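I have placed the structure first, in the form of structure tokens, so that the comments after it can refer back to it.
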């Protein structure tokens with residue numbers, strides 16, 4: 001009889017905690033919808049909270065509302081990722097190539113074009129003035145304000161695509177292959193990873 005009573009109260013407690021969590025989430029979303037003008041502040045706080053919860057090493061720049069985080073792209077290569085909160089967007093930004101030789105500009109532009117045709121998230125752009133390649137994505141603040149978990153999800157997608165872009169441009173520079181061969185090799189590698 002005693003174990004049945006404990007089980008009954010355990011079930012009640014679990015059901016109550018689910019209901020309480022659901023209710024608090026609904027109230028939080030209603031509050032955020034009513035205060036949509038504070039979306040920039042809310043997302044900025046969520047972004048900081050996520051970085052702290054993950055124990056990532058990051059630089060926080062409150063006046064400009066951006067965070068710099070360093071992630072590994074491969075064993076000996078680290079890259080800075082910048083996450084900036086603007087009035088309407090959360091901008092995910094990183095450099096794929098910090099610099100490149102001017103004679104490679106055409107091949108790099110062709111590879112960027114091929115990558116952009118495959119992407120449905122973000123954009124690879126080539127800056128010919130500073131000879132660099134960057135990958136940028138803009139996410140809507142209202143989405144992140146209502147569903148803060150999407151920040152982490154989009155951050156992961158941005159990182160994964162950055163890895164692929166980094167591999168493609170590094171391969172282009174190192175092997176001097178035609179961009180078409182580099183992109184076909186990337187697609188083959190992605191297909192193999194999806195099958196495994």
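The values are calculated or read from the model by the stated rules, or taken from the named source; none is laboratory data. What you are looking at is a predicted structure, and each value in this text was computed from that prediction instead of being measured. Every residue, glycine as well, gets a Cβ built from its backbone with ideal geometry; the counts of neighbours run over all protein chains shown.
Yes or no: residue 133 in the same structural domain as residue 119 (by TED's automatic domain parsing) and surrounded by 18 or more Cβ atoms within 10 Å (Cβ to Cβ)? Yes.
Restricting region 63-82 to residues that are in contact (Cβ under 8 Å) with a residue 12 or more places away in the chain and over 30 Å from residue 108 (Cα atoms), the residue that is surrounded by the most Cβ atoms within 10 Å (Cβ to Cβ) is 65.
With a cut-off of at least 3 residues that are in contact with a helix residue (DSSP H, G or I) (Cβ under 7 Å, 6 or more places away or on another chain), touching a residue at least 24 places away in the same chain (Cβ under 8 Å) and under 30 Å from residue 22 (Cβ atoms), name the helices (runs of 4 or more DSSP H) lying wholly within region 83-196. Counting at least 3 such residues, we get 141-146.
A residue that is over 17 Å from the mean Cα position of the chain (by Cα) and closer than 18 Å to residue 45 by Cβ occurs somewhere in region 80-87.
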